[in-house]
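*Asks:* Got a structure here, written out as structure tokens. Questions coming.
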Amino acid sequence: MVMIDQAGIIVLVNAQTERMFDYDRQVLIGQPVEILVPERFRQHHRSFRAGYFGDPAPRPMGVGRDLAGCRADGSEFPIEIGLNPIATEAGTMVLASIIDITERRRAQQRLEDALLEKTVLLNEVHHRVKNNLQVITSLLNLQADFAADPRLRAILAESCGRVKAMALTHQLLYERKDFSRLDLGDYLERLVQSIRTSYRASGDRIGLRLQSPATDVQLDLERAIPCGLLINELVTNSYKHAFTAERHGEIVIEISEDADTLICLSVSDDGIGLPPEADLAQSSSLGLQLVQLFVEQLHGALSVERESGTRFSIRFPKRFAAKEIP
């Protein structure tokens, strides 16, 4: 604590200030307060001091700026200062409460260094995972090229699509440098492009379209992969089963939000539709079993409409409750 008069002369110093600045109080009393200010800031400080006495009021000093104190040996250290005017018989004086924030700055720097290290590590992890998944995709494609059995080729192609959906998640996280969330519309747009490329032979007959809201729908990492795999399964299923060899049609993916709590996804087609007797819960199809699994991972609800084609609708919460985090 330091008290100064209107001329900027130090009239009172406590023991803490002596230790902080490494001065004896008898040396400081009677000196301009600028003795405690780094030399390059002293002229500005005089102007600030004059302005403060023109409108004295309790307030912090230098809001938004880094303040520094100057010790007896000329070394500098970061400080925070609170100013309070005091009415005395000798006129208005200012009581300055000074806090040494060196340890706070060091702790902040350690946190920033740790955050940077974590960011670099996560960046490297996503990069490596993305590359490894791309290697797996290449191996699956290579195996499919050498497979004589058409059914085996189809199975390998479907597996390749699933791996691509996972790899795309890591690709977007790596590109955006934000490892906590991604834009669902952007993610599904890229996924749609990948699926469309995989089924380019059907491209002239079957359209694939994404409808997303104007505002971004953010998805956390825990949901991104099962969500992408879910859409991949449903769209792939439509390509494979909804349209006969000569039938033309369209597959539509829609994204919407229900208030601030739910994300709504739907995949619809105008194909031949599911048979009325088809029971999704008892289906032996791997694809439909995976759909049920991914909906469960999202803690969501699935509904199916079978009129004028097929429409799968999924609603799931935007955020996991703490006890639900896998």
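FYI, it's all coordinate maths here, none of it is from the lab. Not measured: the values here are computed from a predicted model. With ideal geometry, Cβ positions are generated from the backbone for all residues, glycine too; neighbour counts draw on all protein chains shown.
*Asks:* With each label point set 7 Å from Cα along the Cα-Cβ vector, what nm distance links ARG40 and GLU89?
*Replies:* 4.5
*Asks:* Neighbouring Cβ atoms within 10 Å as the yardstick, rank THR137, THR197 fewest first.
*Replies:* By the 10 Å Cβ count, ascending, the order reads THR197, THR137.
*Asks:* Would you kindly state how much longer the chain becomes between VAL27 and GLN289 on full extension, computed as 0.36 nm times their sequence separation minus their alpha carbon distance, in nm to one decimal?
*Replies:* 86.1 nm
*Asks:* Let me ask something additional. Once you mark the GluC sites (Glu not before Pro) that are in a DSSP loop and have at most 13 other Cβ atoms within 10 Å, what is the longest gap between them in the chain?
*Replies:* 90-245
*Asks:* Aspartates and glutamates near LYS130 by alpha-carbon distance under 16 Å, same-chain residues fewer than 8 away left out - which ones?
*Replies:* Result set, ordered by chain and number: GLU175, ASP178.
*Asks:* Something else now. Taking the Cβ of each residue in TYR174, TYR187 as the centre, tally the other Cβ atoms inside 10 Å and list the residues starting with the fewest.
*Replies:* TYR174, TYR187
*Asks:* Roughly speaking, what is the centre-to-centre gap between the range 106-182 and the range 263-285 when only Cα atoms are used, to the nearest Å?
*Replies:* Distance between centres, Cα-based: 29 Å.
*Asks:* Just subtract the alpha-carbon distance of ARG306 and HIS127 from 0.36 nm times their residue separation and send over the number in nm, one decimal.
*Replies:* Taking 0.36 nm per residue and subtracting the Cα distance, the gain is 60.3 nm.
*Asks:* Can you give the alpha-carbon Rg of the range 2-100 over 2.2 N^0.38 Å, where N counts its residues?
*Replies:* Scaled against compact globular proteins, the figure is 1.00.
*Asks:* Taking the Cα centre as origin and putting +1 on Lys and Arg beta-carbons and -1 on Asp and Glu beta-carbons, what dipole magnitude results for the chain, to the nearest 20 debye?
*Replies:* 500
*Asks:* Still on this structure, I have one more. Starting from the amide H of LEU210, placed 1.01 Å from N in the peptide plane, find each other amide H under 5 Å away whose residue is 5 or more places distant or on another chain.
*Replies:* Excluding prolines and chain starts, which carry no amide H, the hits are ILE253.
*Asks:* Among DSSP bridges having both ends in the chain, what percentage is antiparallel? Round to the nearest 5.
*Replies:* Bridges in the chain are about 90 percent antiparallel.
*Asks:* If you average the sequence gap of Cα pairs under 8 Å that are 6 or more apart and divide by the length of the range 204-326, what percent do you get for the contact order?
*Replies:* For the range 204-326, the relative contact order is 28 percent.
*Asks:* Using a basic spin-label model with each label point 7 Å from the Cα along Cα→Cβ, how many nm lie between GLU277 and GLU175?
*Replies:* Inter-label distance under the simple model: 4.6 nm.
*Asks:* Can you check what the net charge comes to around SER138, using other residues whose Cβ is under 15 Å from the Cβ of SER138 (Lys, Arg +1; Asp, Glu -1)?
*Replies:* Taking every Cβ under 15 Å from that of SER138, the sum is +2.
*Asks:* Okay, next question. How far is the Cα center of the range 25-80 from the Cα center of the range 183-261, in Å?
*Replies:* For the range 25-80 versus the range 183-261, the Cα centre distance is 62 Å.
*Asks:* Pick from ILE314, ILE98, ILE206: which is most flexible by mean-square fluctuation in a GNM of the chain where alpha carbon atoms under 10 Å apart are linked?
*Replies:* ILE98
*Asks:* Another question about this same structure. In whole Hz and in residue order, list the ³J(HN,Hα) couplings for the range 149-159 that follow from phi through the Karplus curve 6.51 cos²θ - 1.76 cosθ + 1.60, θ = phi - 60°; x for Gly and Pro.
*Replies:* For the range 149-159, the Karplus curve yields 7, x, 5, 5, 4, 5, 5, 5, 5, 5, 4 Hz.
*Asks:* Please give the length that would be gained between GLN218 and ARG65 if that part of the chain were fully extended, namely 0.36 nm times their separation in residues minus their C-alpha to C-alpha distance (nm, one decimal).
*Replies:* My answer for the length gained is 51.6 nm.
*Asks:* Sticking with this structure for a sec: Size of the chain along its principal axes in angstrom, Cα-based, largest extent first?
*Replies:* 99, 41, 37
*Asks:* Please list, ordered by chain and number, the residues whose modelled amide H lies under 5 Å from the amide H of LEU67; skip anything fewer than 5 residues away on the same chain.
*Replies:* Excluding prolines and chain starts, which carry no amide H, the hits are ILE79.
*Asks:* If you take every residue apart from THR261 with its C-beta less than 11 Å away from the C-beta of THR261, what net charge results, scoring Lys and Arg +1 and Asp and Glu -1?
*Replies:* Local charge sum for THR261: 0.
*Asks:* Moving on. Compute a Gaussian network model of the chain, connecting alpha carbons closer than 10 Å, and tell me which residue from GLY287, GLY30, GLY185 fluctuates the most.
*Replies:* Comparing GLY287, GLY30, GLY185 in a Gaussian network model of the chain, the most mobile one is GLY30.
*Asks:* If you don't mind, another one. Let me have the relative contact order for the chain, percent, based on Cα pairs under 8 Å that are six or more residues apart.
*Replies:* Dividing the mean separation by the residue count of the chain yields 10 percent.
*Asks:* Would you tally the net charge around LEU290, using a Cβ to Cβ cut-off of less than 11 Å, leaving LEU290 out, and scoring K and R as +1, D and E as -1?
*Replies:* Here the charged neighbours net out to -2.
*Asks:* Another question, then. What is the fewest-to-most order of LYS130, LYS240 by other Cβ atoms lying within 10 Å of their Cβ?
*Replies:* LYS240, LYS130
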